[in-house]
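Below: the structure, in structure tokens.
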Protein chains: 2
Amino acid sequence: MSPSPPQLSPKELSAYFAFTEVSSLLRHSVEKQLKDAGQLSYVQFQLLARLGDAPGGSQRMTDLADGVVYSRSGLTYQVQLLEQRGLVTRAPSPEDERSTIATITDDGRGVLATVFPGHIATVKDLLFDSLTADDIEGLERVLTQVSAHLRANPPRSAGSRKKS
Amino acid sequence: MSPSPPQLSPKELSAYFAFTEVSSLLRHSVEKQLKDAGQLSYVQFQLLARLGDAPGGSQRMTDLADGVVYSRSGLTYQVQLLEQRGLVTRAPSPEDERSTIATITDDGRGVLATVFPGHIATVKDLLFDSLTADDIEGLERVLTQVSAHLRANPPRSAGSRKKS
DNA sequence: TATTGTTATACTCTATAACTATA
DNA sequence: TATAGTTATAGAGTATAACAATA
């Protein structure tokens, strides 16, 4: 289980600390903005945004769950909340009756439109304001690569069904 | 309240998406590791790590709360859990009787030592494994700058106590 | 009066396991 | 049998407001 403890270089350590700090503060501010502007939790916003981008404003529950890295019960819960507010509808898939298709409503798009400008402004202010165009390009390149790396190496023991 | 909605360039948008994705997946994996290896929540780990680094292994509650971006009640809750497990002690400050000083115990350092290698390994695997030394250096520089920017511009309405 | 910290409380979120139904 | 989703439940975490004690 613990062969030989790897180390982080000073740069890596510093980068990691900075990353966690930026992540935490940015998340905090974004959540506050979403709640203030549209009564949305971060997850709900992500779900609406994904549905808004999807063709027809629809996606299968499972696909939604994959995108947001959620347990399916958690997704059901959040989508229920959105449905109660009339921002989303649910219906069984015509192709596969086991599947549920979630679809964003006009009201849902309305909330999204209400929330979006402030969301963008927050991100721009907090994340990009102090950076040059080159910095941003580099950040984009590196983070995209890490993201791909993470998607390629999903957490080994995280989603395991049975095991022990 | 909505003067002129700013926009994100394609690069910025892509960087932001990648950032949130990396942040979410990394956090997920780290939390799982900390829980598996030492029964620690992420916040508890942060608290122990800060105390472990602090001179004498001690810090005031308020200073701890500042570092972790927490409500003070939330901090009290987490420190209570750590104290119940004997990983931390609390005592009133000699200088200012209003203050409480939290101090990490030997057991606390033990848990920290148990958890640390796996924590480092997780971060290295997930965050740095796919990057070159130059990438890491650039990432460190940019994120450190953003972090400083965020610290300089604290969320306006977030932590305000008394207000008007 | 202002600051430090705790408590009481209420709420949100999340995951696990059991369950239904379709394939 | 395997997959998609829901439900029931239980627990962890968080914030707000009221409170006590000290400065």
Practice item. Could you tell me whether any residue of the stretch A:85-96 is among the β-branched types (Val, Ile, Thr) and assigned to a helix (DSSP H, G or I)? Key: no
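Could you list, in sequence order, the residues of the stretch B:117-156 that are under 20 Å from residue A:29 (Cα atoms) and more than 7 Å from chain A (Cβ to nearest Cβ)?
Looking only at the stretch B:117-156, we keep the residues that are under 20 Å from residue A:29 (Cα atoms), and these are B:142-156.
Within the stretch B:117-156, B:148, B:151, B:152, B:153, B:154, B:156 meet the criteria.
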Exercise for review: Any residue in the stretch B:25-53 that's among the aromatic types (Phe, Trp, Tyr): show its pairings with residues that are within 10 Å of DNA strand D (Cβ to nearest atom) at Cβ separation under 6 Å, as long as the two are six or more apart or on different chains.
Suggested key: B:42/B:31; B:45/B:34
Review point. Would it be correct to say that residue B:43 is open to solvent by 20 Å² or more (accessible area, probe 1.4 Å) and in contact with a Leu (Cβ under 9 Å, 6 or more places away or on another chain)?
Key: no
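Each row is one residue, and each column tells you yes or no for (1) away from DNA strand C (no atom under 16 Å from the Cβ); (2) away from chain A (no Cβ under 11 Å); (3) crowded, with 17+ Cβ neighbours inside 10 Å; (4) at pLDDT 95 or above.
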{"position": "B:5", "(1), (2), (3), (4)": "yes, no, no, no"}
{"position": "B:14", "(1), (2), (3), (4)": "yes, no, yes, yes"}
{"position": "B:76", "(1), (2), (3), (4)": "no, yes, no, yes"}
{"position": "B:87", "(1), (2), (3), (4)": "no, yes, yes, yes"}
{"position": "B:99", "(1), (2), (3), (4)": "no, yes, no, yes"}
Study note, to complete from the structure: Exactly one of A:64, A:112, A:25 is modelled with pLDDT under 95, away from DNA strand C (no atom under 14 Å from the Cβ), crowded, with 17+ Cβ neighbours inside 10 Å and aliphatic (A, V, I, L, M), and that residue is A:25
Practice item. Would you please list the contacts, defined by Cβ atoms under 9 Å and residues six or more apart or on different chains, that run from a residue in the stretch A:57-74 that is at positive phi and assigned to a helix (DSSP H, G or I) to a residue that is surrounded by 17 or more Cβ atoms within 10 Å (Cβ to Cβ) and of a type outside the set (A, V, I, L, M)? Key: A:57/A:105; A:57/A:108
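The values are calculated or read from the model by the stated rules, or taken from the named source; none is laboratory data. Model, not experiment: these values are computed from the prediction. Neighbour counts run over all protein chains shown; Cβ positions are idealised from the backbone, glycine included. For accessibility, only protein heavy atoms count, side chains too; no ligands or nucleic acids. Shrake-Rupley method; radii C 1.70, N 1.55, O 1.52, S 1.80 Å.
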